[in-house]
Amino acid sequence: MNQLQQEIKTKLAYTKGMIKRRAQGALKYDYLVPNGVYEEQWDWDAFFMGVALTSEIPSEAIYLKNWSLNYILNSHPDGKVGGCITKDGEDPRLNHMKPFLAQGAYIGGKNLNDFSWLKPHWSAFKKVVLYREKMYWDKETDLGMWFNSMESGADNDAGLYRCESLKNKESTLGRNYDQMRKDGGGHVFENVEDYPHASVVAVDVNTYIYREYTALSKIAYKLNNEKDAKDFADKAKNIKKNMRKYLWHEEDGMYYNLDTTTNKHIKKVSYSCFLSLFGGIPTDKQAKVMIETYLTNPKHMLSKFGARTLSKQDSHYNNVFMLKPHSNWQGPVWPIANNIYMFGLINYGYQKEALELAKRISKLVLSDLDISGGMHENYDAETGKPLAAPNFVSWNILVLTMIENAKEMKNPFDIK
């Protein structure tokens with residue numbers, strides 16, 4: 001183990017004890033939370049934290065099992081369940097949980113070598129996974145949609161959050177960071193609006209759905225349910241086929257979101273585009289173009305502090321500190337996004353690039369720990385300066401094993 005790898009493991013060891021909570025109220029099983037003011041179980045925070053813990057100690061997969069059961073037990077008869085669960089029940093802030101349930105259950109069950117706990121809940125489990133197909137689905141492409149941008153988790157991702165123009169861009173980006181923190185960042189854009197609800201066929205949500213159906217098929221096979229195993233394997237193949245057909249833009253060499261109100265691609269080279277690499281959706285030829293033209297290109301995604309969340313060439317690219325009305329995914333370096341990029345690189349054999357990304361993020365986080373004593377949610381892609389959410393501990397604990405995973409070309413999210 002090299003010095004950088006050892007240092008990141010030593011200095012982040014304390015974080016693992018900060019995110020665990022005892023069962024309470026509607027949360028019937030012990031669960032994981034982002035450290036800080038949160039006592040709720042959030043869908044993708046706890047999923048990514050659970051995988052992070054499991055990748056180091058397989059028995060910690062109990063938290064992925066618990067996470068799955070807490071959602072299943074709080075689901076409605078039709079399969080709907082909010083992305084956030086409190087001790088008092090479902091929180092309405094997120095419409096429906098992100099498509100992670102089957103992935104979490106599969107990774108948990110695989111590491112515990114036990115899937116029997118899902119048998120009594122099989123019907124409810126499937127309904128949660130299939131709810132989006134029933135409610136937020138585009139018939140033309142036979143692909144899924146987010147209800148809105150906030151439900152995606154990448155709050156103002158440029159591929160989901162429509163921005164007509166940037167108000168006073170130069171003066172806004174040049175403002176003093178301390179002042180920006182005092183006023184919460186402020187409203188940076190003018191003429192900003194979400195796309196209409198359930199109108200964008202998004203790359204990220206369909207990548208998750210593809211992984212969900214694949215995972216559910218694997219679980220069904222483990223439980224000797226051959227019909228469901230075949231049905232969901234076929235569903236997964238259909239998602240991949242349709243993503244390649246409708247979301248790939250050959251001329252630009254990119255998977256883009258699709259605006260179903262205009263039937264046009266949303267030409268934003270943003271974080272969500274690269275989720276396709278994480279899911280293994282692109283062909284090898286497509287992946288090569290995406291990675292070499294955009295992801296590892298300093299003119300687009302790659303900065304010396306990690307990879308950006310929006311291409312530097314985009315007119316809306318910025319590194320504004322923002323927490324209200326949402327976090328900023330239009331430029332800053334996010335450790336979670338870089339983990340996803342790294343596993344996309346690993347999927348397509350780009351070990352050198354994956355390791356370099358892991359090193360940049362590790363150095364960025366270590367610098368933050370040395371200066372501020374904690375981690376942040378995101379960082380300025382041009383300066384490395386911490387931006388939002390000081391002392392943030394959540395999915396960024398995946399940084400613990402980034403270098404190790406890149407060296408060994410290991411993917412703890414693998415559902416093959």
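Just so you know, all these numbers are worked out from the coordinates, no wet-lab data involved. Given the structure is predicted, the values throughout are model-derived calculations rather than measurements. When we count neighbours, we look across all protein chains shown, and the Cβ atoms used for this are built from the backbone with ideal geometry, even at glycine.
Identify all residues within segment 237-255 that are of a type outside the set (S, T, N, Q) and over 20 Å from residue 270 (Cβ atoms); write none if there are none.
So in segment 237-255, the residues of a type outside the set (S, T, N, Q) come out as 237, 239-241, 243-255.
If the condition is that a residue be of a type outside the set (S, T, N, Q) and over 20 Å from residue 270 (Cβ atoms), then 237, 239, 240, 241, 245 are the ones that fit.
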Residues located in segment 264-302, provided they are over 20 Å from the mean Cα position of the chain (by Cα) and in contact (Cβ under 8 Å) with a residue 60 or more places away in the chain: 284, 288
Selection count where residues are touching a residue at least 40 places away in the same chain (Cβ under 8 Å), out of contact with any Cys (no Cβ under 6 Å at 6 or more places or on another chain) and more than 25 Å from residue 208 (Cα to Cα), scope segment 313-345: 11
Given (1) in a helix (DSSP H, G or I); (2) surrounded by fewer than 24 Cβ atoms within 10 Å (Cβ to Cβ); (3) in contact (Cβ under 8 Å) with a residue 60 or more places away in the chain, index of the condition residue 105 fails: (2)
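What number of residues in segment 211-231 are of a type in the set (A, V, I, L, M, F, W, C) and either under 13 Å from residue 114 (Cα atoms) or touching a Leu at 6+ places or on another chain (Cβ under 7 Å) (or both)? Walk me through it before giving the result.
Step one: list which residues in segment 211-231 are of a type in the set (A, V, I, L, M, F, W, C), which gives 215-216, 219-220, 223, 229.
Cutting the leftovers down to either under 13 Å from residue 114 (Cα atoms) or touching a Leu at 6+ places or on another chain (Cβ under 7 Å) (or both) gives us 219-220, 223.
Residues flagged as of a type in the set (A, V, I, L, M, F, W, C) and either under 13 Å from residue 114 (Cα atoms) or touching a Leu at 6+ places or on another chain (Cβ under 7 Å) (or both) within segment 211-231 amount to 3.
Can you confirm whether segment 147-158 contains a residue that is on the phi > 0 side of the Ramachandran plot, touching a residue at least 12 places away in the same chain (Cβ under 8 Å) and crowded, with 18+ Cβ neighbours inside 10 Å?
The first filter runs over segment 147-158 and keeps only residues on the phi > 0 side of the Ramachandran plot, leaving 153.
Of the ones still in play, those that are also touching a residue at least 12 places away in the same chain (Cβ under 8 Å) are 153.
Subset that is crowded, with 18+ Cβ neighbours inside 10 Å: 153.
Yes - at least one qualifying residue is present in segment 147-158.
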Matching residues, segment 1-23, being touching a residue at least 60 places away in the same chain (Cβ under 8 Å) and under 27 Å from residue 86 (Cβ atoms): 15, 16, 18, 19
Number of positions in segment 195-212 that are hydroxyl-bearing (Ser, Thr, Tyr), surrounded by fewer than 24 Cβ atoms within 10 Å (Cβ to Cβ) and farther than 19 Å from residue 329 by Cα: 1
Answer residue from segment 23-78, given it is among the aromatic types (Phe, Trp, Tyr) and either part of a helix (DSSP H, G or I) or out of contact with any Leu (no Cβ under 9 Å at 6 or more places or on another chain) (or both) and is farthest from residue 107 (Cα to Cα) among those: 38
Lone qualifier among 69, 73, 94 - being within 21 Å of the chain's Cα centre (by Cα), surrounded by 15 or more Cβ atoms within 10 Å (Cβ to Cβ), of a type in the set (A, V, I, L, M, F, W, C) and closer than 23 Å to residue 218 by Cβ: 69
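Do we find a residue being under 23 Å from residue 49 (Cα atoms) and either touching a Ser or Thr at 6+ places or on another chain (Cβ under 6 Å) or among the small types (Gly, Ala, Ser) (or both) anywhere in segment 131-141? Step through it out loud before you land on a result.
Quick first cut of segment 131-141, residues under 23 Å from residue 49 (Cα atoms) only: none.
Looking through segment 131-141, none of the residues is under 23 Å from residue 49 (Cα atoms) and either touching a Ser or Thr at 6+ places or on another chain (Cβ under 6 Å) or among the small types (Gly, Ala, Ser) (or both).
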Helices (runs of 4 or more DSSP H) enclosed by segment 262-347 - at least 2 residues per element that are of a type in the set (Gly, Ala, Ser) and buried (at least 22 other Cβ atoms within 10 Å of the Cβ): 275-279, 335-347
